[in-house]
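Right, one structure below, let's go through it.
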Amino acid sequence: MAATAGPVSPPSPCIRRVNVAPFISCSFVYFSPERTTRRAALRLCAAVEGGVKDHVLGATSSAKPRLPRLVGMGSKLVGCGSAVPKFNISNDDLAQIVETSDEWISVRTGIRNRRVLSGDENLNGLALKAASGALEMSSVLADDVDLLILCTSTPDDLFGGGGQIQRDLGCKNAWTFDITAACSGFLIGLITATRFIKGGGYHNILVVGADALSRHVDWTDRGTCILFGDAAGAVLVQACNADDDGLLGFDLHSDGHGQRYLYATANEAEIPDAANTNGAAVFPPRKASYSCLQMNGKEVFRFAVRCVPQSIENALKESGLTSSSIDWLLLHQANQRIIDAVATRLQIPSEKVISNLANYGNTSAASIPLALDEAVRGGRVKPRDVIATSGFGAGLTWGSAVVRWG
């Protein structure tokens, strides 16, 4: 597989050899009945209306016996779901607050509308609805989910939101973690899920992509505020016979040298008498917040139209397929000009390209599963269809996968 160059520097050599010690020593620790009882009684007290309710931590972790883990299984996509906020912002609406127009935005990006969180909506609510849709389509019970991966760079909680979604879905037998990789997040989460199935023997994994970049956009900057919207999308990845593996090939890359082209860094609050500190340490530490999203659009565009086709070609090569043999091209919905350029490079006709960018804008980690869900529910993507998909964005990170639906 040919290596794909990053936006500004060649990729580093990948060292794959791992030295494993020939012997592993194990020591056993004895826990007395008293200590075991004390540990089991550990409680989390949560304030609720009408008093305090006790919840035993981990009480449901073994509520249902797990199926035997079978390593080496394949994986397939069996369900999807999505959710978007109610509040719509059109290009004409944006023209009321920044110097722009519907024509200016649509010609340069292909975007006409975007949805943003408002009122009592939050990101976890969107993610919960999308995940519920994926479970319903796949006819999988929440109890049967082994793992939930939340792909987001804008969680409601600084420490992540996967646990709250797991709780609200009722996935008592699952564990969860978050992936932060911006617009590449869902693609990375999808491949991660297949590795847990193949190498860890997991059966059902929910992969949720959800972002609310509207919270981090400078709405007076017409270069960025026209691009982004909020949404959530999800898929259910299920173990299957290795011969029916739905992940046909994949390819992943990152290059931190390109971080300066797309970022939202943490900024420390200013100190009123900073001039009197003489460089001395300040205590307590200053409170920090994230800056608005900053992007060099020209460099990100150049990076995407160069690296994304190469990555898809690598994934196709691993799968033993050519671009002419796929049914659909589904890219991260960043800019219609990027989507068109990649399709042209790969010689994929427009009727095989999935795009809903005009209605939602760039929804970051949600964009691929959102577009997939609409295409499946709309009858375009059918069982056994082969999809070449690619995510790319901040980091800089990018990657591709060739997957079979259903």
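Nothing in this text is a laboratory measurement; each read-out follows from the coordinates by a stated rule. Note that the structure is predicted; figures quoted are calculated from it, not measured. Note: ideal-geometry Cβ built from the backbone for every residue, glycine included; neighbour counts use all protein chains shown.
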Debye log10 I(q)/I(0) at q = 0.23, 0.24, 0.33 Å⁻¹ for the stretch 208-251, Cα point scatterers: -0.83, -0.87, -1.12
Which order do peptides 386-397, 97-108, 226-237 fall in by mean Cβ count within 10 Å, highest first? 226-237, 386-397, 97-108
List the aspartates and glutamates whose Cα lies under 17 Å from the Cα of residue 76, skipping any in the same chain that are fewer than 8 positions away. 136, 144, 146, 243, 244, 245, 327, 373, 385
Once label points are set 7 Å from the Cα along Cα→Cβ at both residue 71 and residue 260, what is their separation, rounded to one decimal in nm? 4.5 nm
Highest average packing first - 142-154, 365-377, Cβ atoms within 10 Å: 365-377, 142-154
Alpha carbon Rg of the stretch 316-406, scaled by the compact-globule rule 2.2 N^0.38 Å: 1.02
Show the residues, 5+ positions off or on another chain, whose built amide H is closer than 5 Å to the amide H of residue 228. 362
Which whole-number percent of Cα pairs in the stretch 90-201 have a distance greater than 24 Å? 41 percent
Taking +1 at the Cβ of each Lys and Arg and -1 at the Cβ of each Asp and Glu, which of 201, 223, 241 sits farthest along the dipole of the stretch 200-267 towards its positive end, judged by Cα position relative to the Cα centre? 223
Each residue of the stretch 162-176 in turn: what ³J(HN,Hα) in whole Hz from Karplus with 6.51, -1.76, 1.60 and θ = phi - 60°, glycine and Pro shown as x? x, x, 5, 5, 4, 4, 6, 6, x, 7, 5, 9, 9, 10, 8
